[in-house]
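Have a look at the structure below before the remarks.
Read-outs: derived from the displayed coordinates by stated rules, not from any lab. Note that the structure is predicted; figures quoted are calculated from it, not measured. Neighbour counts are summed over all protein chains in view; Cβ atoms, including those assigned to glycine, are modelled from backbone coordinates with ideal geometry.
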Amino acid sequence: MSETYTMAKAFFITTPIYYVNDVPHLGHAYTTVAADTLARFKRLEGREVFLLTGTDEHGQKVEKAAREYGETPIQLADRVVNRYKDLWTRLQITHDRFIRTTEPHHRHAVQAIYRAVQANGDIYLGEYEDWYCTPCETFWTEKELVEGRCPSCGRPVERLKEASYFFRMSKYEEPLRRHIEAHPEFIQPASRRNEILGFLKEGLRDLSVSRTTFAWGIPVPDDPRHVIYVWFDALTNYLSAAGYPDAPGELARLWPADVHIIGKDILRFHAVYWPTFLMAARLALPEAVFAHGWWTVEGQKMSKSLGNVVEPGALVEEFGVDAVRYFLLREVPFGQDGDFSRTAFVHRLNGELANDLGNLLNRTLTMVQRYLQGRVARPEAPGPLDEELRDTAAEAVRGYRTAMAELGFSRGLQSLWPLVNLANKYVDENAPWTLAKEPAKASRLRTVLYHALEALRITAICLSPVMPGAAEKMWQQLGLQGSSVVGGETLGGHRLADAEQWGRFPEGTAVGRPSPLFPRVEG
């Protein structure tokens, strides 16, 4: 009996699945924090969300690494998969599913899609000979090599010749080109779309999709001498996690994915290989593939030999998870390359978070405690300065909503800061400490502090997808009630629509005692 679902389609977001023999680095954290932030934002909009991440555990380099450690491949995978799980917990990632490609269901799904492609006449047996890069799990032609090395990672390659099953990828060159041209949003940003269109002009070759030189992988159906190519295996995780092939109701609720968020180094696999596999299997293509840029460290490529690898767990330990998440998404427009430096990190933390936001919260709450006995009072009719603050808040939320929906995380955060800065200026210009000295101005004092609190309420809601812990601390200090956002709930059960309405701070609320959100740090 087939499953039936009456629920609307969930917003389905994926990260790549990460190699188990890698140590999680800043790039892994960047991709996953971005995906989590989008998931939280969509929940804030009121959407049901499904966030998928996981680990890629098959392939020659996993088999080789296990041999070097004196382990079986599954022993290595079971041991090191926790590196990612532990880091995602520390970074407060709210994934709905963590998939491992060694799971029995995934194996079943990979063989099912392989059979579907084969049944459509798009798999044939042949012989392959070319230059192979084991770390990248990729064959390259002589023409594609750079000074005799892998054009992707720069490592040495080796000449391999073996019997192989091939996928008729060349057959789907024109259908893929037509799809990309008809759907400009399919590959983002535009520079990556142009890159793939340029690649297609060179023509697509048929793709080797099996290996016989190693054993650690999923066997080809009916020919277990071959294991399925690791990228055919890995990319299928997006389908297997969505219920393919045995849960059609769940698959309809989730597929197609709304966005695959990836690094630009794996764009070709996601924007060429994956859609052609899906076309051959007669399955819907994802709505979008978004490829972000790379991080350098003070202008240099991150590498173990240079000793400049940024370990995200150490950053969280030193600065806190909210500051790390904020910096990653604020410092660089998503889609472009970025540069990490301690100086830039400290500048963002001390300037925007400690001085601008933290100071506004601290002094507003202190004055409510001192002048209003800690209780929020009803405001009087708004004057020009009050209306300017209200209008700035409306504009900030509009800009934030538009930017975040487009994965413009830096723009989204930037759009909020005119509100934070104007709220600080508003407090300075209205000088509650002076108003408090004149009983005749008590009503104005209540109004000024109410509007400052209202700016903070709206800011907290909008910041919650990026800095869930800090937003919750703001919420609690403001005396507002609601559930935790750290575990994936929206702030106080509120939606983004609550930030679009000015004047919703409840009269009579008892605010909390201020404590620093972001203590200043030394550079």
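Please say if the range 49-108 is rounded, prolate or oblate, where rounded means a/c under 1.5 for a ≥ b ≥ c the square roots of the C-alpha gyration tensor eigenvalues, and otherwise the choice is prolate for a/b larger than b/c and oblate otherwise? Because a/c hits 1.5 or more and a/b fails to exceed b/c, the range 49-108 counts as oblate.
When the Cα gyration tensor is reduced to axis lengths a ≥ b ≥ c, the ratio a/c stays below 1.5 for the range 11-292, which is therefore classed as rounded. Placing +1 on the Cβ of every Lys and Arg and -1 on the Cβ of every Asp and Glu, with no other charges, gives the chain a dipole of roughly 1000 debye about its Cα centre. Neighbour counts of other Cβ atoms within 10 Å put M302, M367 in the fewest-to-most order M302, M367.
Give the shape of the range 102-255 as rounded, prolate or oblate, defined through the alpha-carbon gyration tensor: a ≥ b ≥ c are the square roots of its eigenvalues, a/c under 1.5 means rounded, and otherwise the shape is prolate if a/b is larger than b/c and oblate if not. Oblate, since a/c reaches 1.5 and b/c is not below a/b. Of the three principal axes defined by the Cα atoms of the range 297-439, the extents in descending order read 68, 31, 21 Å. When peptides 193-203, 255-265 are ranked by their average number of other Cβ atoms within 10 Å per residue, the highest-first order is 255-265, 193-203. Of all DSSP bridge pairs formed entirely within the chain, close to 50 percent run antiparallel.
The peptide list 314-321, 287-294, put in order of mean Cβ contacts within 10 Å with the highest first, becomes 287-294, 314-321.
Farthest toward the dipole's positive end in the range 349-506, which of M404, T434, G469, given Cβ charges of +1 (Lys, Arg) and -1 (Asp, Glu) about the Cα centre? Sorting the options by dipole projection puts first T434. Listing D78, D222, D86 from fewest to most neighbouring C-beta atoms within 10 Å gives D222, D86, D78. Ordered by the number of other Cβ atoms lying within 10 Å of each residue's own Cβ, fewest first, C153, C462 fall into the sequence C153, C462. Taking θ as phi - 60° and the Karplus parameters 6.51, -1.76 and 1.60, the scalar couplings of the range 137-149 work out to 6, 9, 8, 10, 7, 4, 5, 7, 5, 10, 6, x, 10 Hz in sequence order, x denoting glycine and proline.
Overall, the range 169-327 carries a charge dipole of about 500 debye about its Cα centre when +1 sits on the Cβ of Lys and Arg and -1 on the Cβ of Asp and Glu, all other atoms neutral. Since only G374, L422, S515 are under comparison, the one whose Cα sits farthest along the positive direction of the charge dipole of the chain, derived from C-beta charges on Lys, Arg, Asp and Glu, is G374.
Counted over the chain with a bin width of 10 Å, the fraction of Cα pairs per bin, in whole percents, is 4, 17, 26, 22, 15, 9, 5, 2, 0, 0. Where both bridge residues fall in the range 11-292, DSSP classifies roughly 50% of the beta bridges as antiparallel. Among 278-284, 121-127, the peptide with the highest mean count of other Cβ atoms within 10 Å heads the list, and the full ranking is 278-284, 121-127. For V309, the amide hydrogen comes within under 5 Å of the amide hydrogens of S303, counting only partners 5 or more places away or on other chains and with H modelled in the peptide plane.
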